[in-house]
Amino acid sequence: MHRNAGGIALAFLIACIAACGEPAAPGMASNRDGSTRIVNGEPTGSAYGNVGAVMFDFASDGLDADDWFCSGSLIAPTVFLTAAHCLEFLPANAQIYVTFKPTVADGVATAIPAISFHFDPAYGHDQSNPHDIGVVILPAKRTRGITPLRLPPAGYLDGLADKNGLKDQKFINVGYGGDVPTTGQPIVTYDGVRKSSVSTYMALEANWLWLSMNAATGNGGDCYGDSGGPKLLVSNPGVVVALVVTGDAVCRATTKDYRVDSDTARAFLGGYVSLP
């Protein structure tokens, strides 16, 4: 989901949240306590090295560790998948960057400058299908050594659901987004560390995957700043099946993710990658 930060970034991202119809989370604060949660999760270290953070020099004072704002994943050597709402608020000529380092602070010096970015032109026109999908195009050879995630075939999740294969299925959340304590006041903090957690299947719709992130039942989840990050089946973690798009405001109940195996998502992605 979206990250709220100070200054220019805050203004941009408040506009982004309003456009997506997602309520702002309460208690936004910078991370000062060394928290390691992505909502009941843990830092990935070198694992999930194909998941990165999107950065932009909001204050025009040089890229720094506060300039990340969304997550995403590499799906081809030069194609980075993220959410449309992470991109649509940026100036058309914005120079954005991607880092795949386990922490954004470590990635500032080597962040990859993007060649371009694109999002589905139908984004935001239909609540039932928000077309909330975009890509960042990276220079050739800059992601050598990183194995991209694979895309699923058309209707992949429908096929699993038809065979009751999604019942109690676990999904992996990966991103750099906000940390939230599982009890007490839902204060969201940020440290720019890539983390992972696990959520349980709830429901499937034509364009949406619903997952539980209720800590009382052992689930983790995602939060502001994880937008665009991948959802991976525990049983098939090399395939990204959905993107973080929205969820409840306090990051404790449900996450509502945009499917990438739908016809409309595939229609957009087919312009940038070969589809299975």
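Taking the stated definitions as given, is Leu166 modelled with pLDDT of 95 or more, assigned to a loop (DSSP other than H, G, I, E, B) and crowded, with 19+ Cβ neighbours inside 10 Å? For Leu166, the condition - modelled with pLDDT of 95 or more, assigned to a loop (DSSP other than H, G, I, E, B) and crowded, with 19+ Cβ neighbours inside 10 Å - is met.
Out of Phe80, Phe89, which single residue is over 16 Å from Ser262 (Cβ atoms), of a type outside the set (S, T, N, Q) and in a strand (DSSP E or B)?
Phe80
The numbered conditions (1) out of contact with any strand residue (DSSP E or B) (no Cβ under 8 Å at 6 or more places or on another chain); (2) modelled with pLDDT under 95 are all true for Asp263 except (2). When you scan region 58-72, do you find a residue that is in a helix (DSSP H, G or I) and buried (at least 24 other Cβ atoms within 10 Å of the Cβ), even just one? Looking for residues that are in a helix (DSSP H, G or I) and buried (at least 24 other Cβ atoms within 10 Å of the Cβ), one finds none in region 58-72, hence no.
Within region 144-162, residues that are on the phi > 0 side of the Ramachandran plot reach partners that are surrounded by 14 or more Cβ atoms within 10 Å (Cβ to Cβ) with beta carbons closer than 9 Å, at six or more positions or on different chains, in the pairs Gly145/Gly49; Gly155/Asp261; Gly155/Ser262. Test of understanding: among Ala140, Ala154, which residue is in a loop (DSSP other than H, G, I, E, B), in contact with a helix residue (DSSP H, G or I) (Cβ under 9 Å, 6 or more places away or on another chain), of a type in the set (A, V, I, L, M) and farther than 16 Å from Val51 by Cα? That would be Ala154, the only listed residue that is in a loop (DSSP other than H, G, I, E, B), in contact with a helix residue (DSSP H, G or I) (Cβ under 9 Å, 6 or more places away or on another chain), of a type in the set (A, V, I, L, M) and farther than 16 Å from Val51 by Cα.
Taken over region 94-128, the criterion of being polar (S, T, N, Q) and at pLDDT below 95 is satisfied by Gln127, Ser128. Within region 197-217, restricting attention to residues that are of a type in the set (Gly, Ala, Ser) and free of Cβ contacts under 8 Å to residues at least 60 places away in the same chain, the residue that is surrounded by the most Cβ atoms within 10 Å (Cβ to Cβ) is Ser199.
Scanning region 176-196 for residues that are crowded, with 18+ Cβ neighbours inside 10 Å and either of a type in the set (S, T, N, Q) or on the phi > 0 side of the Ramachandran plot (or both) turns up Thr189, Gly192, Ser196.
The values are calculated or read from the model by the stated rules, or taken from the named source; none is laboratory data. Note that this is a predicted model, so its numbers are computed, not measured. Ideal geometry is used to build each Cβ from the backbone, glycine not excepted, and the neighbour counts take in all protein chains shown.
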